[in-house]
Structure formats: structure tokens, C-alpha cells
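Reading through the C-alpha cells given below for one structure.
The values are calculated or read from the model by the stated rules, or taken from the named source; none is laboratory data. Quantities reported herein were computed from a predicted structural model and do not represent experimental measurements. No Cβ is skipped: glycine too gets one built from the backbone with ideal geometry, and neighbour counts run over all protein chains shown.
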Amino acid sequence: MEIVLPELILMTITKCNTTPSFIRKVASVVRGRVHSLIIEMQSPLNTICLSTLFAAFPDLETLSIEYALLTSWMPNQPTKLQKLHMDVHDLDAIRGLDFKKFFEKQACNFRMELDIDLLPVHCRSEFYSIINQSFQKYNRNNDGFADLAVGFSARETFYKLNDHFLI
């Protein structure tokens, strides 16, 4: 079956086994013309290969991942992604990630949003240690744009990638 759509679309994938073959099959049905994608999972045991998502949906500009573990962060080529929102429930999701390289592969003015409401309390100091290796806190009032927003208890803290921070 093939669905022909004239415009870019918003897609939500809920409670599916998001294997690379599943992602490629979904993309083939909609011809990869997804502009915004929301993936909602039931369990943090579900993994999502970001490089497969980027290859399958080359027009993807907004991605929201809720309750899943990301693997293979690096896309093979630059993407059009402008915003990534992710619920962080496990530090394995960001541990070892080269934020600078990841940001370099994204569209100009890319913004990452990490929500840590689901992250266990005992993991929060390590989370901030990981973030502070690549980012500096940033007062958004300076120019209105931050590379990273960390959300916790309905509050956001803003950061600039170290290479983007003007001293």
C-alpha cells in the first residue's frame, strides 16, 4: 500500500517496536515526507536508532521521543532537524554522546530539549556533570536563543554549547 501526500506531515508512533526495519517500512508508506515526528513508547527498554530515523525521514525538522532509549545518535549526513525533545529517564541515553559533533550535523539554530522529570534523583548530579562538559548555563535574555533547554518540574534552564558561547 502506498499513501501519496502532497505536503509534509506530522506523524505519531505510539507503542510500536521501533526496529530499523519498522522505521524504514513506515517511511516507505508515507514516502519519508514526515516533517514532525512524535514517538511515544511504553517502556524504556525500547530503543530507537536515530541514524535510521534521519535516513528514513530526510525532511524531519521536529522530533519528540518519549520514554525510549536512543542509539546510534550520529546521522550519516547533515539533517534538517531544528528541534529534538527527549524525556531522559536513563543516563545511558546521553552518556558518551559527543554533543558538539551531533549539533554540527543538525540544521542552523538547532535546539535540544531534555526533560529530566523521569530521571531518578540519584542520577541528576551525573546528568548535570555530563551537560556541563559540553555546555555553559546561559541567560536567554541576551539574544533569546539557547542550544539546550533542560526541563525539570515545569522549569527550564538554558545552555549554550561551549563553542557557541560568546565570552
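Take the residues of segment 54-67 that are closer than 15 Å to Thr14 by Cβ and surrounded by fewer than 22 Cβ atoms within 10 Å (Cβ to Cβ): which is modelled with the lowest pLDDT?
For segment 54-67, the residue satisfying everything is Tyr67.
On the basis of being within 16 Å of the chain's Cα centre (by Cα), among the β-branched types (Val, Ile, Thr), surrounded by 15 or more Cβ atoms within 10 Å (Cβ to Cβ) and not in a helix (DSSP H, G or I), does Thr157 make the cut?
no
Okay, residues lined up against (1) loosely packed, with under 15 Cβ neighbours inside 10 Å; (2) in a helix (DSSP H, G or I):
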site	(1), (2)
Pro78	yes, no
Leu81	no, no
Lys100	yes, yes
Phe103	no, yes
Leu114	no, no
Asp117	yes, no
Ser125	yes, yes
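Quick grid of which residues meet (1) hydrophobic (A, V, I, L, M, F, W, C); (2) at pLDDT 95 or above; (3) on the phi > 0 side of the Ramachandran plot:
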residue	(1), (2), (3)
Thr52	no, no, no
Pro75	no, no, no
Lys101	no, no, no
Asp117	no, no, no
Phe127	yes, yes, no
Phe145	yes, no, no
Ala154	yes, no, yes
Leu161	yes, no, no
Ile167	yes, no, no
